[in-house]
Each structure stands twice: as C-alpha cells, then as structure tokens.
Amino acid sequence: MSELRISGLRKSFDGHRVLHDIDLAVERGTLLALLGPSGSGKTTLLRVLCGFERADAGTIEIDGKRVAGDSLHLPAERRRIGYVPQEGALFPHLSVADNIVFGLPRGQRRARHRVEELLKLVGLPADYARRAPQQLSGGQQQRVALARALAPSPSLVLLDEPFSSLDAALRTETREAVAKALAATGATAVLVTHDQAEALSLGHEVAVLWNGKLIQTASPQRLYRRPATRELATFVGDAVLLPGIAGHGTATCALGTLKLLAPVPDGRVDVMLRPEQIRILAEDEASSRDSVSFEALVTELRFNGPDARVTLQTRGASPALIRSSVPGHRAPRIGELCRLTVDGEVLAYGAGSS
Ligand code: ADP
Ligand code: MG
C-alpha cells in the first residue's frame, strides 16, 4: 500500500499554472527523490502536501486517509507530516532540545529521553541538546531540523533541498546521516533536490518535475539508462547525442551500428550514450579485439584524478565530436589517435519524440 498517493493535483498562482495534473504514489518506507531544476515547482508541491497551500484540484491521501481533495483541506497539524523546510529551519532563540520538542503535544515536551534518542538517531551527541543552533555547523543544524521533523513519529517526512547550503565535504557526511536516520525509522520520505547525483544516489525512486509536470518516475538505474526525453537525458547526467538511422532494433551513427535498449520507429533518430559507455581501448586490446572499433583523435582532456573526461573527434565520412569518461590512469594525451568501442546497448529518440 502506498503511504502517499497524489492524483490530478493542480496549483496556480495569479493565473500562472505552477503544478500540472501531478499523479504520484510513494510506497511505505521508501525514499522518493523529487528532482527538478530551480523554479520547476518542487517547493510548491511540498507546501501543498503539507497543507500550507491549497490545491486548485486533485486529491492527496496519506496512509490511506484523504487529507485534501474536492472541498476537503485538512490543516497542516492534522496531516501527520514532518517537514524540513529549505531554509531557516531552526528557531535561533531556542536550544537544540527545545527546537526538537517544538512540534510535540505539550504533555510530551518534557520527555528529555526522547530528545536524546532523536539526537542519536541523526548521529549527534546527547550533550548537544543544551546548545544554541548557532553553536552548530550547517550540517548539524540540518540534522537537528530532521530530528524535530521526526519527533512526533510522522507518517511522512518531506525534506526541501536539505543539503543545498552545505559545502561539498559536509554535504556527503550529512547526506549519509540523513539517509541512515530515515532508513532506521522506516519513514516514508520525499526529498527534494536539484542535484541529479544526489537524487540518483539517495532515492529508491526518482520523480522528475519539469515546468510543473512530472515527466518521469523511475528507479535511479532506469532513469539514468532510459530517460524519457533528450532534455532529461542531459539533465540526469552527461549525454552524448549523435544523429543516426534506426532499423531492426539497431541504430547506425558515427560510432557504427549499435544495439538499442528500447524499440523506436525506424528512421531518423538521435542516439543517446553515456560517456562511460565509450571506451578507449588499450594498444594490445585494440589489436587483438575482433569487435568493432573506431579511430578518434583526442581534442580535449579534463583530468579529475579518479577519472578523466575526454573529448574526441571521430574520423570517417561524417566526423562527430564525442565525450568519453575513462579511469584516470588510462587518460590519453591531447592529439593522440585512439581506438574506441561502445560498451552496452544505447537509447534512441525518434523524430516525433521530444
Ligand atoms: P522550486 O522549489 O522547484 O524552485 P517553486 O515551487 O519555489 O520552485 O516555484 C515554482 C514557481 O511558482 C516559480 O515560478 C515561483 O515564482 C512561483 N511561486 C511559488 N510560490 C509562489 C507564491 N506564493 N506566489 C506566486 N508565485 C509563486
Ligand atoms: Mg524550492
């Protein structure tokens, strides 16, 4: 059974449609990453779910119970949702402990052992309870905000870009702590992000919101391998797009005739590959291999340490610029002539598709 079920949800501000007929189901105990560029409507969707905004149409059910739809609009405090807002989550004049118990009914606010338990859950020492929020790092403050959201044991936890204000090192650590805490409570959660790597690595499922429309909901693997549109292919990772001709379950492009992952009508297509699918063959491999390989010239190189991003120009009748991702210790030199091969099946978008 789904913990959260949204159907036909719409929301406009001043005649401008921000959410278009959103349908979404999130299974119990799973973490859904809601991914979308800035301005796509992510915060609005969370605020409508919480009850801070009223939807123009559609229904919302939490734990099998309708909380919004038709003329019904349950107030936020009756929806059993834990919310971690994008910014300014903590009250600066309250201690960490008082922040955490803030959302609890009055009678339970003295339960200090609950504060300790929640601090432990988010990976913070118990003696942080007495501190003021300003005495914590940004990442620690986010963990306290999560502890506060989890305190009343909500059915659903919503987190709005919880890591976006943190620097890279703190972000990884905080991300892990938050994922662990959510898993430990078995909470059903929706985590909003504009960062595709974060969505792919944290979400059990990823839903992509684009101009107020949910354009694809899929497992991280499927979303990355089989994005629904060209734009999405580029948004959820680096994509190499090459013109080609499809026929009989294959597509022919500057990298030869490649097997397709999913069927597409015969005719002109754009072939989509991920840069890590384009392998640069070592010298001995290039001579001993019987599978098809191609010559290409290295025109640019970005060395990142563990890996390198290589730009190459294929040779032949219709030269194409492509990008390959290779292990750092295999990085070629600019001007080097390499042999390439394509690893795995590829995707193609037909002329009629977006
Ligand atoms: P995101 O969180 O994905 O960046 P938002 O949900 O904050 O996107 O905003 C989506 C669109 O809705 C934006 O164009 C924004 O200007 C508009 N919007 C959001 N809240 C309001 C509001 N209260 N009044 C008018 N427009 C709003
Ligand atoms: Mg937002």
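Bear in mind that the values in this text are calculations on the coordinates, not laboratory data. Every value quoted in this text rests on a predicted model; they were computed, and no experiment measured them. FYI the Cβ positions are ideal-geometry reconstructions off the backbone, even for glycines, and counts take in every protein chain you see.
Miscellaneous remarks
- For the pair the range 109-183 / the range 14-55, the C-alpha centres are spaced 23 Å from each other.
- Dipole in debye (nearest 20) - the chain, about Cα centre, beta carbon charges: Lys, Arg +1; Asp, Glu -1: 1040
- Across the options Phe102, Leu200, Ser137, the greatest Cα extent toward the positive end of the charge dipole of the range 2-231 (unit charges at beta carbon of Lys, Arg, Asp, Glu) belongs to Phe102.
- Debye intensity ratio I(q)/I(0), log10, the range 238-350, q values 0.13 Å⁻¹ (C-alpha model): -0.47
- The loop-placed trypsin sites (Lys or Arg not before Pro) in the range 177-243, going by DSSP, include none that has at most 10 neighbouring Cβ atoms within 10 Å of its Cβ.
- Neighbourhood net charge (10 Å Cβ-Cβ; Lys/Arg +1, Asp/Glu -1) for Gly51: +2
- 222 nm mean residue ellipticity, helices alone, for the chain (DSSP H n ≥ 4; -39,500 (n - 2.57); rounded to 500): -6500 deg cm²/dmol
- Dipole size of the range 238-350 about its Cα centre, with +1 on Lys/Arg Cβ and -1 on Asp/Glu Cβ: approximately 200 debye, rounded to the nearest 20.
- DSSP beta bridges confined to the range 176-266 are antiparallel in about 100 percent of cases.
- Each 10 Å bin from 0 upward holds the following percent of the Cα-Cα pairs of the chain: 5, 21, 25, 21, 15, 10, 3, 0.
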